[in-house]
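Inspection log for the structure reproduced underneath, given as structure tokens.
The values are calculated or read from the model by the stated rules, or taken from the named source; none is laboratory data. Because the structure is a prediction, the values reported are computed rather than measured. Here the Cβ positions follow ideal geometry from the backbone for every residue, glycine too, while neighbour counts run over all protein chains shown.
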Amino acid sequence: MKSRSTSAAAVILAGSVLAGVVFVSWAASAQTRSPAPLAPYKAWTNGPPADPAYFPIAVWLQDPRNAKRFREANFNLYIGLWKGPTEEQLAALKEAGMPVICMQNDVALRRLADRTIVGWMHDDEPDNAQELPGGNGYGPPIKPEDVIARYERMRAADPSRPVLLNLGQGVAWDNWYGRGVRTRHPEDYLQYVQAADIVSFDIYPAVHEKPEVAGNLWFVAEGVTRLRKWTEGRKIVWNCIECTRIANVNVKPTPDQVRAEVWMSIIHGSRGLIYFVHQFKPRFIEAGLFADPEMTKAVTELNAQIRELAAVINAPMLDDAATVVSSSADVPVHVTVRTQRGATYVFAVAMRSGRTAASFTVKGFRGAAAAEVLGENRKLAVRDGRFTDDFGPYAVHLYRVAK
């Protein structure tokens, strides 16, 4: 996700979809008592907050002078500092109350007691072909073993903070030609994911230039799913989100597309989000998000909803707690179920751009109940755990089901 690059693409979402087929949620069996929310960062004394109600909502490579403005937009983390960290950058972030994950340079290592720093990061996208000195073309990606070795050095220098590795779009798209000689070698990622405590990736389908990917928002979910599979649940998985036109002068994401990508990510198991807010064309704007008032408002409200639901999102995903049947063979609806304080939450998203009706069955309910549709000012009748709702293109509905 280098500030000068646009990400692309992905892999065909595994599994064909047939009309009337039951889709099992990424979630877990219903229990009489809500399982405790997870605290993914409790292993690190100087890492991100261990509070189960903390969900990372980060922004990529932004000037600290805008930290207060990002905080007002409900961001709670910076990732990366241009040619830093410097003393001045860290001081500005500390004053703004904005923590950061940054490079482990000499300045940072002199400030190990500074709680503004909550994590370390690798150079971006080592899995992509690397630019040769002097701009004379590209060589192969950095070898996974070299990335792992750097991880071990960072961890030895400071084991009190987690290490973040952000990978490129090859995570989600095997045909991503930007990997050069390692294109169509997804097996490399089984090694790359060993080089960090938090593993992320970036792909931006709303503004992608390749027809295979352009407009296919589900590539974001596919990348999350693949990272969770490759890490076998042993690493924390984050992912990146687009919210500007980046370098596409003809297309920019809509607020609905951004919302869909965010909730696809969460529904498929992402535990943190990184917004890429740069714009490169038709002119460069570092904080491009703030040049778009409509998107700024939408992202601010979306982030507020995530922060409000953070303890729910951090709850364990309950496998087999719900099933959903889509009325359209072409528009599957994916769900996750979480429970918190005795309430059952069903988060659902249409995985394609068409329209469909979805029938849900949530285990553990008998008789009459109601599903409050969060943020939509409406309720649905639930009978023996069953209810139905309509979905537009890539629509998201979030339900709180209570007896």
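Here are the numbers:
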read-out	value
Residue satisfying condition, being at negative phi, assigned to a helix (DSSP H, G or I), buried (at least 23 other Cβ atoms within 10 Å of the Cβ) and modelled with pLDDT of 95 or more, within set Phe75, Phe70	Phe70
Positions within segment 131-167 being part of a helix (DSSP H, G or I) and aliphatic (A, V, I, L, M), in sequence order	Val147, Ile148, Ala149, Met154, Ala156, Ala157
Matching residues in segment 274-305 - criterion: being under 27 Å from Val382 (Cα atoms) and surrounded by fewer than 19 Cβ atoms within 10 Å (Cβ to Cβ)	Gln305
Complete set of residues in segment 250-301 that are in a strand (DSSP E or B), of a type in the set (Val, Ile, Thr) and free of Cβ contacts under 8 Å to residues at least 60 places away in the same chain	Ile285
Cross-chain or 6+ apart pairs with Cβ under 8 Å, segment 173-186 first and in the same structural domain as Lys210 (by TED's automatic domain parsing) and farther than 15 Å from Gly223 by Cα, then among the hydrophobic types (A, V, I, L, M, F, W, C) and in a loop (DSSP other than H, G, I, E, B)	Gly178/Ala8; Gly178/Ala129; Arg179/Ala129; Gly180/Ala129; Val181/Ala129; Arg182/Ala129; Thr183/Trp176
Residue in segment 181-202 that is closer than 21 Å to Pro393 by Cα and within 16 Å of the chain's Cα centre (by Cα) present	no
Per-region count, segment 143-181, residues out of contact with any strand residue (DSSP E or B) (no Cβ under 6 Å at 6 or more places or on another chain) and aliphatic (A, V, I, L, M)	7
Given (1) more than 23 Å from Thr225 (Cα to Cα); (2) of a type outside the set (S, T, N, Q); (3) touching a Leu at 6+ places or on another chain (Cβ under 7 Å), index of the condition His122 fails	(1)
